[in-house]
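Below is one structure, written out as structure tokens, with a few remarks after it.
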């Protein structure tokens, strides 16, 4: 390990759909957190580890903080997001280059109460016609609070990511790595498998169905160099089950094929994936059900 090695925890926080998961994946260099164009795709707190010659940066992705009480699952997500502000070395608050919104103010309230340095990341600058259009937003942001730095980026295009990493590294304490060099995330392989299935449901289905879905891994075993994964998809209504399966099972097959390809890339193994769909009425508004489906560690 080099002298003056830096390592630490950096939490990404922001309203839904500002690109926190895409940012984490770009900085880590591999998909660790699932993504879709829909808000509230991320439900859990997830760490991604980026190893550099003189630093180890541990990024913490969080669910988007959203307004209103909502269902029990939504309250778990909000608690996961705010809980991730504790015990970290730096906070990266993410907003869109389209400008401040009311939901950003809610995030700012939570961030202001923390003592760690806060970097404002203005994401999606690729959506602007001209870079000069960022200047008024940067000035407006400076008036919101005293940020350690304001860094405009595009996680999708990879613009200015080296500068962001440089800024975040400079704010890390000098200390040994927090994780082994070969560890990519703090989450288990079973968890990642479930997330890859849920990601494809979000990408494939419209309307409210993806928000009523939970995925449970019933089998995860390797036999003769093939990873066998059985995933149970829970929905809240029989009508949602029919939509998810599709005519002749075509939609479920499409979801399974896409999820299997992502798994094979992540696990570096051939995967045999079997999907089942069952109805569990009202699971997202039942504390017992929400906890039984893997959200007990989020509060």
Inset, instruction - Would you mention how many residues in the stretch 115-158 are surrounded by fewer than 16 Cβ atoms within 10 Å (Cβ to Cβ) and within 30 Å of residue 53 (Cβ to Cβ)? - result: 4
Inset, instruction - Kindly indicate whether residue 200 is touching a helix residue (DSSP H, G or I) at 6+ places or on another chain (Cβ under 9 Å) and in a helix (DSSP H, G or I). - result: yes
Inset, instruction - Among the residues of the stretch 75-102, write down those that are crowded, with 19+ Cβ neighbours inside 10 Å and within 20 Å of residue 38 (Cα to Cα). - result: 76, 77, 78, 80, 81, 93, 94, 95, 96, 97
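Rundown of residues vs (1) buried (at least 24 other Cβ atoms within 10 Å of the Cβ); (2) in a loop (DSSP other than H, G, I, E, B); (3) assigned by TED's automatic domain parsing to the domain that holds residue 74; (4) at pLDDT 90 or above, yes/no style:
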site: 1; (1), (2), (3), (4): no, yes, no, no
site: 16; (1), (2), (3), (4): no, yes, yes, no
site: 24; (1), (2), (3), (4): yes, no, yes, yes
site: 31; (1), (2), (3), (4): no, yes, yes, yes
site: 36; (1), (2), (3), (4): no, yes, yes, no
site: 39; (1), (2), (3), (4): no, yes, yes, no
site: 50; (1), (2), (3), (4): no, no, yes, yes
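The values are calculated or read from the model by the stated rules, or taken from the named source; none is laboratory data. Everything numeric here is computed off the predicted structure, so don't read it as measured data. In this analysis, Cβ positions are derived from the backbone assuming ideal geometry, glycine residues included, and neighbour counts consider all displayed protein chains.
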